[in-house]
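Right, one structure below, let's go through it.
The values are calculated or read from the model by the stated rules, or taken from the named source; none is laboratory data. Just so it is clear, the structure is predicted and the values come from calculations on it, not from any experiment. With ideal geometry, Cβ positions are generated from the backbone for all residues, glycine too; neighbour counts draw on all protein chains shown.
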Amino acid sequence: GMRAYAMISRGGRWQPRERRLGWKGLLVIYLVLLPLIIFTAMPQIGVILMAFNILPPTGFQLQFDKATLDYFIGIFTYPDINLYIRNTLIYATIAVLLATIVALITAYSVSRTRIKVLTPALDTLTTIPIAIPGLVIALGYFYFYSTYFKGTFLDPTTGPGNFQAWIVLIIAYSIRKLPFVARSIFAGFQQVHEALEEAALNLGAKRLKTILTVVLPLIVTYIISGALILSLIHISEPTRPLYISYAVF
């Protein structure tokens, strides 16, 4: 029952259309929007000042004379911090690639197929992880892999190796935030008219070549935006209940 948003013309995609504001618009921006943005960004500004030791955690008085780079140097000198950063980047990168591939296949299937039962079910399965609390998903993953894969490399409790749960963590990373990248890519497919694919197919191109050379170049910005959002969420995700539950058990 969704409306069609596809367009035939795709010219000028990388050339943004700009409209210059008058003095009234500039006045609103610099007197209203800019102070509002600075006010809402104060927590982030405070984090930056604390990173240089300019703003002490116990007070609000700026100390520019005590600015230091020790905290940044510690990122590269302390072995535990290096391990945390390395694992975070590895897990997040693999999870983003896996989620992007799954979302790309799912979004294409949902937007291009009209199977009565399968298409809505596939769309629901892709979106539903965002509606389920992270702790519930974590407990479900823990119970499933520790019960049905007990003693294997997927078992987060007794599997072989010191990092036996890393595969399960990557799967949890991918599925938990899959809707973000899936909806972004699906929006891209909605705006690519099927006539563009049909034209390529009628001219003799195979389905795979049509997707790679016609469809993907038109939705690459949607893929990149979804992957960026997903990577930012994954990098900050270890503090959330989804992975705290693994530490609890």
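Here are the numbers for the structure shown:
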{"read-out": "Test: residue in segment 81-101 that is modelled with pLDDT under 85, part of a helix (DSSP H, G or I) and surrounded by fewer than 11 Cβ atoms within 10 Å (Cβ to Cβ)", "value": "yes"}
{"read-out": "Counted residues, segment 9-33 - those being surrounded by fewer than 10 Cβ atoms within 10 Å (Cβ to Cβ) and either at pLDDT below 60 or in contact with an Asp or Glu (Cβ under 6 Å, 6 or more places away or on another chain) (or both)", "value": "4"}
{"read-out": "Neighbours by Cβ (under 7 Å, 6+ apart or cross-chain): first from segment 181-193, farther than 10 Å from residue 223 by Cα; second of a type outside the set (Ser, Thr, Tyr) and assigned to a helix (DSSP H, G or I)", "value": "189/107; 189/219; 192/215; 192/218; 192/219"}
